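Colleague: My structure is below; once you've seen it, I'll send some questions.
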C-alpha cells in the first residue's frame, strides 16, 4: 500500500503481521488481569471492546502517571518490576486523595514484542492487581522506546483529600520514615538483587489503607514522590498558607544520608495536615491498622520556614529565595 | 545526590531545574483547557491536584489510545496537528460505543521542553476541546521520545454499543465514504499543506453525533481505524456470527485507490449492525443530522464472505485462510 522506506516507518501499524501480533499480544498478556475484582469494583466491561464500562455510583477519581525507561526506572530492571512500579506510582495518587482504587488502563510502548518479556511483564501486573484488587480495564500497545503510561481510577473514601485544604494551625504529618526508596535504589544499582533493602524501591507501596483512614480526619494531603520539601511546597501553594517544619522531627531511615532521604522522593509516603483537636483520634484510628502519624510541623505564616536546617538549599526550597 | 553520567540519566527528574520546568510547563500549557465545560460535564476537580474528580451519575466509558511519532503520525506534522489528532483518535472509541465524551487525561513525552512547541501544541488541544466540549482533566509530562497517550472518558448514549451484539440477519452499515484519510495522507506527505484534501487525515472527526443517533438502533458497532475488513473481523469475532459483505456497495472516495481506501483505516468512520426492521427509522433519524447510512452487507453464516472481490488478500482477510 505504501511505497518506500519512509512510508514503511510511518505506517508500521499497517503491516498485517504487526497488527496480528498486536492483537494476539493484547489477548495473551493483557487480558483478564484482575478479572476476579470485576464485580466488586463495578466494572461492567473490561479489555476487548472500544471502551471499558464502569458503573460509577458516586464520584470517581482519575489520575495518569507515565514511567519512561532511563528516567523513571532503571534499564536493568526486569519487566515484572517495571510493570509493578509503574502501576504502584500511579496508585499513589489515589492514596493521596484518600481514595480506593478500582481499575487501571495501561499504555505500553515497547521496542519489539517478545513473548518472554511480555509474560514476565504480565506477572508484575498480576501481582499488583491482586495486591490492590484492581482490574486492568484497557489500554494500548505500541512500538517505540520503552515507556508505560498508567491511568488509575478510584472511588473516594470518607472525604476527598485535596492539596488545597490546609488551614492555619493544622499539624503537618507524614505517614512513615523517608529514605527507604533511596537506600533501596543505591543498593539495587550495584547489587541488582531483590532483598529487604531494595524492596522499598522496587515495590513501592501506595498508601491506600493509610489514605482511607486519614480521609476522615485530614484537611489536605499529597503523596511524596518528588521529595519532602518539593511536595510540601505544592501543598503550601495550593492551600495558600505557610508552614513551619522541623527537620529534627522528620523520621528518616538513615541519618548519614539525611539530605538524600528528604530529597529523593519515591517513597510514596503521605504528607498531610490535621486540625490539632483531631490528632488524638486520628492516632487511635491509625493504631488499628498498625500505623503511626509523625508530626513534623505546623501550618502558619505566609511561607515555608525550616527549623533545624543545616543545608543551604533543599530540593524545592532555596535559602536565598 | 547522584554520582556519574549514568545516575544523571536515570534521575533527571531529580534535578531541580527540570522539576521547576515540568511544573511551570503544566501550569502554562496544560491547565484550564476546556474549562468552560467543567460544569456541564460534571467535572468537580481538574488539573492541579493528585487526581481529577468526576461526578459520574451513570455508567462511564473509558478508553486509552497512544500515538507515537513515526508510527501514528508524521515527524513533519506541526504540534497542534499532533495534539488534535491524538485526542480525536481516542475520542473515536467513545463514538464507537455510542457515547458522549466529557473529559480526557493526556500523557505527553517530549525530547525537550520548548515554549514555542508547547504553545502550538496547546492550540491543538484547545481546538479539539472546544469542538467536542471536553475538559483536559489531568495527565503527565515526561522527557523521552515524542509520544502522546490519551485516556478519554465519556457517558453512554441511549444504549452502549458493543462489538459483540450483532445478530443473524442484521444489516452491516458504514457511516460514510472510506479513503479520505488515505488520500489526505498521500497529499500531505508531498505537499505538507493543510487544505480540503489533507484535512480528513490531519483532523479526523470522531463520529460522536452519528454514534449518539445509532445508539438507539444498532446492535453492535466499532470504529474503522485499522481498515474495513480488519475491523469487521473484530466485530465478527466478538459477535460470534459470520458476515457477507459486498465490496461493490462499500462507498469509497477513489475507485483508483479502492484497495487503499479499504485498508488504510484512519477514517474513523463507524461500522455497525442494525436489525432490518429498524433500518427505515434509523435512516430518518440520521437525515436529521444530515447523515446517511450505507448498507454494505448482512450478518450470517459462520465466517466472512466477500462478494465482488478481486483481491487475493485484504488486510484482515486472506483468500486462502
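Colleague: Mind pulling up the Rg/Rh value for the range B:21-171? Radius of gyration and Kirkwood radius, both on Cα.
Modeller: Taking Rh as the inverse mean 1/r over Cα pairs, Rg/Rh reads 1.01.
Colleague: Which length gain, in nm to one decimal place, applies between residue A:55 and residue A:254 when the Cα-Cα distance is subtracted from 0.36 nm times their residue separation?
Modeller: Gain in length upon complete extension: 67.1 nm.
Colleague: Name the most mobile residue of A:227, A:169, A:211, meaning the one with the largest mean-square fluctuation, in a Gaussian network model of chain A with Cα contacts below 10 Å.
Modeller: A:169
Colleague: So for A:299, B:97, fewest C-beta neighbours within 10 Å to most, what's the order?
Modeller: A:299, B:97
Colleague: Relative contact order, percent, of the range A:39-189 when contacts are C-alpha pairs under 8 Å separated by at least 6 residues?
Modeller: Value for the range A:39-189: 33 percent.
Colleague: If you take each beta carbon of peptide B:141-150 and count the beta carbons of other chains within 10 angstrom, what is the mean?
Modeller: Mean partner-chain Cβ count within 10 Å for B:141-150: 6.
Colleague: Still on this structure, please answer the following. Any chance you could run the full-extension gain for residue B:209 through residue B:35? It's 0.36 nm times the residue separation minus the Cα-Cα distance, nm to one decimal.
Modeller: Full-extension gain reported as 60.5 nm.
Colleague: Turning to a different aspect of this structure: Shape verdict for the range B:176-321, please, from the Cα gyration tensor: rounded (a/c under 1.5), prolate (a/b greater than b/c) or oblate. Display every interim value, and only then the final one.
Modeller: On the way: a/c = 2.05, a/b = 1.17, b/c = 1.75.
Since a/c reaches 1.5 but b/c is at least a/b, the shape of the range B:176-321 is classed as oblate.
Colleague: Another question, if that's okay. What relative contact order, as a whole-number percentage, does the range A:18-74 give when Cα pairs under 8 Å and 6 or more residues apart are counted?
Modeller: Contact order relative to length: 19 percent.
Colleague: Which one, A:184, A:144, A:99, has the greatest fluctuation when you compute a Gaussian network model over chain A with C-alpha springs under 10 angstrom?
Modeller: It is A:144.
Colleague: Taking neighbour Cβ counts within 10 Å as the exposure measure, how do B:64, A:244 sort from fewest upward?
Modeller: A:244, B:64
Colleague: Using Cα atoms only, what is the angle between the long axis of helix B:228-239 and the major principal axis of chain B, expressed in degrees (0 to 90) to the nearest 10?
Modeller: Taking Cα atoms only, the helix is inclined about 80 degrees.
Colleague: Mind running the shape call on the range A:144-205? Use the C-alpha gyration tensor, a ≥ b ≥ c as the square roots of the eigenvalues: rounded below 1.5 for a/c, prolate if a/b tops b/c, oblate otherwise.
Modeller: Verdict is oblate for the range A:144-205.
Colleague: A further question follows. Sorting check: for B:285-292, B:120-127, which peptide has the highest mean count of neighbouring beta carbons within 10 Å, and how do the rest follow?
Modeller: Result, highest mean first: B:120-127, B:285-292.
Colleague: Return the whole-Å distance between the Cα centroid of the range B:250-321 and the Cα centroid of the range B:169-212.
Modeller: What the calculation gives is 15 Å, centre to centre.
Colleague: Okay, helix-only estimate at 222 nm for chain A: each DSSP H run of n ≥ 4 adds -39500 (n - 2.57), divide by all residues, round to 500 deg cm²/dmol; what do you get?
Modeller: -10000 deg cm²/dmol
Colleague: Between helix A:16-29 and chain A, what is the angle of the helix's C-alpha long axis to the longest principal axis, kept within 0 to 90° and rounded to the nearest 10?
Modeller: Computed tilt is about 50 degrees.
Colleague: Roughly what would the spin-label model give for residue A:44 and residue B:115, points 7 Å off Cα along C-beta, in nm?
Modeller: Simple spin-label model gives 4.7 nm for this pair.
Colleague: Need the full-extension length gain, residue A:244 to residue A:279, defined as separation in residues times 0.36 nm minus the C-alpha distance. One decimal, nm.
Modeller: 10.8 nm is the gain from fully extending residue A:244 to residue A:279.
Colleague: Compute the helix-to-body angle for B:180-191: its Cα long axis versus the longest principal axis of chain B, expressed 0 to 90° and rounded to tens.
Modeller: 50 degrees
Colleague: Name the residues of the range B:110-126 whose amide N is less than 15 Å from a point 7 angstrom out from the Cα of residue B:78 along the C-beta direction?
Modeller: B:116-126
Colleague: I've got another one for you. Ranked by Cβ crowding within 10 angstrom, fewest neighbours first, how are B:47, A:87 ordered?
Modeller: On the way: B:47 19, A:87 28.
In order of increasing Cβ crowding within 10 Å: B:47, A:87.
Colleague: Please compute the contact order of chain B in relative form: average sequence separation of alpha-carbon pairs under 8 Å and at least six residues apart, divided by the residue count, as a percent. Kindly include the intermediate steps, with their values, before the conclusion.
Modeller: On the way: 674 pairs, mean separation 65.2, N = 321.
In percent, rounded to a whole number, it is 20.
Every number here is computed from the coordinates shown, using simple stated rules; none is lab data. Bear in mind that the values here come from a model prediction, so they are computed numbers and not experimental data. Cβ sites come from the backbone with ideal geometry, for glycine too, and all protein chains shown count toward neighbours.
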